[in-house]
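Please read the structure below before turning to the comments.
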Amino acid sequence: MAFILIGPGINNPVPLQRLFPAREVEEADEIAPKRAIDEAHHPQHKFEDDVLAAEQLMGGAARTAYRATEQLPQEKLLARQIMVSPVLTLTPETTVDEAMALFHARAFRHVPVVDGEAGGLLGMISDRDLLRHLAGVTEDYRYEPPHSGEAQVGQLMKSPLLTASVDTDVRYIARLFVERHIGAVPITDDGQLVGIITRSDLLGSVMRHFVLELWA
């Protein structure tokens, strides 16, 4: 189970096929050459010799690359290995002013919102959500009179939200960040919030685990 949609009363697994639909290759259009090959300057036999030499060279390179791939460790990087834990959280009753103070003090960009009593994950609040609220800008970028910092986080948080399990392959999280324009993913274990991975955490893991095959 890689990804789960979680919110108040919601705990639904999300298939990878739904998040990452299969890519289709578009058919290439037929084109005509701009000019014919001049046989006087490019004899056919020389052209065929060049093609044969290129095929032999590429074939040797392909065999070398294939043998090298067979010797690579078949490991994968998991969410639990790079997540930040424990996670600092907010409750729905936290005011915007209080949340802004925390974001400023800790240089956070995203903070999960949990039920203050049960501790269940409810949603996520970002610095962009808070700044947009204070500036009076809606999600579709319409302007409204600036709002007060007395509003509560529960009114602004994104919910439900996509989470990843502790054993999710980090490559899927990286793809999620790129294709779905997500900046952070909470990490859960048996439905409980146990960590968080942000874009900065992912870039840091690339630097620490720089074997490119882990990200292929």
Exercise. Among the residues of region 102-127, which ones are assigned to a helix (DSSP H, G or I) and surrounded by 13 or more Cβ atoms within 10 Å (Cβ to Cβ)?
Worked result: LEU102, PHE103, ASP127
Exercise. Just checking, how many residues over region 185-194 are crowded, with 22+ Cβ neighbours inside 10 Å and on the phi > 0 side of the Ramachandran plot?
Worked result: 0
Exercise. Which members of region 159-184 meet the condition of being surrounded by fewer than 17 Cβ atoms within 10 Å (Cβ to Cβ) and assigned to a strand (DSSP E or B)?
Worked result: ASP169
Exercise. Looking at region 128-156, which of the residues that are surrounded by 12 or more Cβ atoms within 10 Å (Cβ to Cβ), small (Gly, Ala, Ser) and not in a helix (DSSP H, G or I) is modelled with the highest pLDDT?
Worked result: ALA151
Problem set entry | Matching residues in region 82-101 - criterion: being among the β-branched types (Val, Ile, Thr), under 25 Å from ALA164 (Cα atoms) and part of a strand (DSSP E or B) | VAL84
For this session: State yes or no: is GLY204 buried (at least 18 other Cβ atoms within 10 Å of the Cβ), within 12 Å of GLN81 (Cβ to Cβ) and either modelled with pLDDT under 90 or not β-branched (Val, Ile, Thr) (or both)?
Result: no
Exercise. Within the bounds of region 63-82, is there any residue that is surrounded by 16 or more Cβ atoms within 10 Å (Cβ to Cβ), more than 20 Å from the chain's Cα centre (by Cα) and either modelled with pLDDT of 95 or more or more than 27 Å from ILE197 (Cβ to Cβ) (or both)?
Worked result: no
Exercise. Can you tell me how many residues in region 106-119 are modelled with pLDDT under 95, more than 20 Å from ARG199 (Cβ to Cβ) and among the aliphatic types (A, V, I, L, M)?
Worked result: 1
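The values are calculated or read from the model by the stated rules, or taken from the named source; none is laboratory data. Source: prediction; values computed, not measured. Ideal geometry is used to build each Cβ from the backbone, glycine not excepted, and the neighbour counts take in all protein chains shown.
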